[in-house]
Amino acid sequence: MSRQTRVIKLLDLCCKAGGCSMGYYKAAMDLGYQIEITGVDIEHQPNYPFEFIQADAVEYISKNWQQYTHFHTSPPCQEYTVATVQFRLNGKKYLDNLEPLRELLKKTKRPGVIENVMQAPISPDVILRGDMFGLKVLRARKFELLNWFMLNPVMPPKIGSVKNGDFAQVVGKGQLKVTGGKKFKVPGKSVTEVWRNAMGIDWMTNNELAEAIHPIYWTRII
Ligand SMILES: C[S@@+](CC[C@H](N)C(=O)[O-])C[C@H]1O[C@@H](n2cnc3c(N)ncnc32)[C@H](O)[C@@H]1O
């Protein structure tokens, strides 16, 4: 099939406000592919920029996978991320649907990607960090590739740090906060403006930015 006639039908499970979806969209545009994207999230996502379905990810893909040619999922990371360690040590349990989603994506025999934090139990087939793309936020993430393969891009040594104020910390509810270090600030800009600019995302709220993946990552994945 040529690039002009092929239509990619991508299902983004656990899509939130669509950082990953937008990355796939821009990468497909750059490469001359037609792409239709559907996002699924358990919570309503009024700012999601493509077709949206509010549903449980496992239930939705179980019943509807045949409608799609490609799959992505960013399952909730609270069971693995360092940000929740103190709560987990106190016995708090978070929803973890990573394993059932992996099995369902594998069974489709169609290309899929699982994205998550560095501590999550997924294969580090690809590892990307914001500074590889000139972004002012680091947010290193692992990507497990299912039913396809690519080489892991070389990650250059990191120059600078969050503590020295070289990178923004896009976490929490919207403060430019760094414990015991210099804050990344841009004079005259609000936190939302700084975060949006650092992430390369112009449509999200602070809460959505705090959980998003930079769209630019997909220029390397596709
Ligand atoms: C880390 S966020 C995804 C961020 C997104 N990939 C981006 O780049 O903007 C994870 C999302 O999973 C959603 N979620 C949690 N449990 C879910 C479930 N059972 N089914 C579908 N979505 C779920 C949450 O509501 C949240 O929006």
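Region 70-104: which chymotrypsin sites (Phe, Trp or Tyr not before Pro) are DSSP loop and have at most 16 other beta-carbon atoms within 10 angstrom?
Details: sites: Phe71, Tyr80, Phe87, Tyr94; in loops: Tyr80, Tyr94.
Here the chymotrypsin sites (Phe, Trp or Tyr not before Pro) that fit, given the DSSP loop and packing criteria, are Tyr94.
Would you work out which of Ile213, Asn116, Val191 lies farthest towards the positive end of the dipole of the chain, given +1 charges on the beta-carbon of Lys and Arg and -1 on that of Asp and Glu, about the Cα centre?
In the chain, that residue is Val191.
Can you pull out the trypsin sites (Lys or Arg not before Pro) in region 129-201 whose DSSP state is coil and whose Cβ has at most 16 other Cβ atoms within 10 Å?
Listed in order of number, the matching sites are Lys158, Lys163, Lys173, Lys177, Lys182, Lys183, Lys185, Lys189.
To the nearest 0.05, what FRET efficiency results for Glu103 and Lys173 with a Förster distance of 30 Å applied to their C-beta separation?
In this case the efficiency is close to 0.30.
On C-alpha positions alone, give me the angle between the axis of helix 98-108 and the longest principal axis of the chain, in degrees, nearest 10.
30
Enumerate by residue number the chymotrypsin sites (Phe, Trp or Tyr not before Pro) in region 120-172 meeting two conditions: DSSP loop (anything except H, G, I, E, B), and at most 15 other Cβ atoms within 10 Å of the site's Cβ.
Here the chymotrypsin sites (Phe, Trp or Tyr not before Pro) that fit, given the DSSP loop and packing criteria, are Trp148, Phe149.
Anyone know which of Pro153, Pro75, Pro124 comes out most mobile in the 10 Å Cα GNM of the chain?
Greatest mean-square fluctuation among the candidates belongs to Pro153.
If one computes the Cα centroid of region 87-144 and of region 149-164, what distance in Å separates the two points?
The distance from the Cα centre of region 87-144 to that of region 149-164 comes to 17 Å.
Tell me which lysines have Cα within less than 26 Å of Lys182's Cα, excluding those fewer than 8 residues away on the same chain?
Partners within reach: Lys136, Lys158, Lys163, Lys173.
Given only helices, namely DSSP H runs of n ≥ 4 each adding -39500 (n - 2.57), what is the per-residue ellipticity at 222 nm of the chain, to the nearest 500 deg cm²/dmol?
-7000 deg cm²/dmol
Here, each number is a calculation from the coordinates, and none is a lab measurement. This structure is a prediction, so every number in the text was calculated from the model and none was measured. Glycine also receives a Cβ, built like all others from the backbone with ideal geometry; neighbour counts cover every protein chain displayed.
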